[in-house]
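The values are calculated or read from the model by the stated rules, or taken from the named source; none is laboratory data. Since the model is a prediction, treat every value here as computed from it, not as a measurement. Cβ placement follows ideal geometry from the backbone for every residue including glycine, while neighbour counts extend to all protein chains displayed. When the accessible area is computed, the model is the full protein with side chains, heavy atoms only, and any ligands, DNA or RNA have been set aside. Shrake-Rupley method; radii C 1.70, N 1.55, O 1.52, S 1.80 Å.
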Amino acid sequence: MTEAHPEPPRVTISDPQTLRALAHPARLAIMEHLATTEGVVTATECAEVAGLSPSATSYHLRALARFGLVEAAPSRGDARERLWRSTVHSWTIDAGRAADPSTREAEQSLVEAFLARELERSRDWLRRAPDESEEWYRNSMLSESLLLLTAEELAEVNRAVAEVLRPYRKRGRTDPPPGARRVAIQYKALPLD
């Protein structure tokens, strides 16, 4: 398992207009697809992952381009085919602790859209699980662990988890073995009240 190139730096998105632009299920799906795809894609290719028509997907791609999240890419030779690529391969959102209420609301809308997408993925798995192979069924996991940590220990756990996942990221993995599938791993580390 080798990585083709070092992972690009994570971009922090805090602009309220950009946060609002991303707070749409189709746009989140498009951004995920672009961030994990080497090279360029068409609106038709993105439409499959977004569950929309190519024309609706083109609209969302243009909206993402207005905020600098995607850009038109050079043609592959067919001038009729419009290509897109991500300008942001890894991103996080953080409006900041001192954000005004409007920005905080935009951030919350995006987080809620992301969590809804995450929940739907879990529900989809539960619907499909009985029809999966024994190997995939046995090795999937829905789990929660309650830990007792200091803030410094939490930072250490977060770094360790990121390090474990890094070599398996779809974008940088150049030699996935036969039978490899995309696997969504949602990791949250949230202090409880």
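Applying the selection to region 26-64, what residues are within 11 Å of the chain's Cα centre (by Cα) and not in a loop (DSSP other than H, G, I, E, B)?
Taking region 26-64 as the starting set, the residues that turn out to be within 11 Å of the chain's Cα centre (by Cα) are 27-36.
Hits for region 26-64 are R27, L28, A29, I30, M31, E32, H33, L34, A35.
Which condition does L19 not pass, out of (1) at pLDDT 95 or above; (2) open to solvent by 20 Å² or more (accessible area, probe 1.4 Å); (3) not basic (K, R), if it passes all the others?
Every listed condition holds for L19 apart from (2).
Go through region 56-91 and give me each residue that's open to solvent by 50 Å² or more (accessible area, probe 1.4 Å), among the hydroxyl-bearing types (S, T, Y) and under 25 Å from A113 (Cα atoms).
Within region 56-91, the first condition is being open to solvent by 50 Å² or more (accessible area, probe 1.4 Å), and the residues that meet it are 59, 62, 66-67, 71-72, 74-82, 85, 87, 89, 91.
Narrowing further to those that are among the hydroxyl-bearing types (S, T, Y): 59, 75, 87.
Of everything in region 56-91, those that are open to solvent by 50 Å² or more (accessible area, probe 1.4 Å), among the hydroxyl-bearing types (S, T, Y) and under 25 Å from A113 (Cα atoms) turn out to be Y59, T87.
I'm checking my understanding of the structure. Among residues of region 94-106 that are of a type outside the set (K, R) and open to solvent by 40 Å² or more (accessible area, probe 1.4 Å), which one is farthest from A63 (Cα to Cα)?
So the first thing to find is which residues in region 94-106 are of a type outside the set (K, R), and the list is 94-96, 98-103, 105-106.
Next, from what is left, pick out any that are open to solvent by 40 Å² or more (accessible area, probe 1.4 Å): 94, 98, 100-102, 105.
Working: D94: 21, A98: 27, D100: 24, P101: 24, S102: 20, E105: 20 Å.
The residue in question is A98.
Of all residues in region 107-123, how many are surrounded by fewer than 11 Cβ atoms within 10 Å (Cβ to Cβ) and touching a strand residue (DSSP E or B) at 6+ places or on another chain (Cβ under 8 Å)?
0
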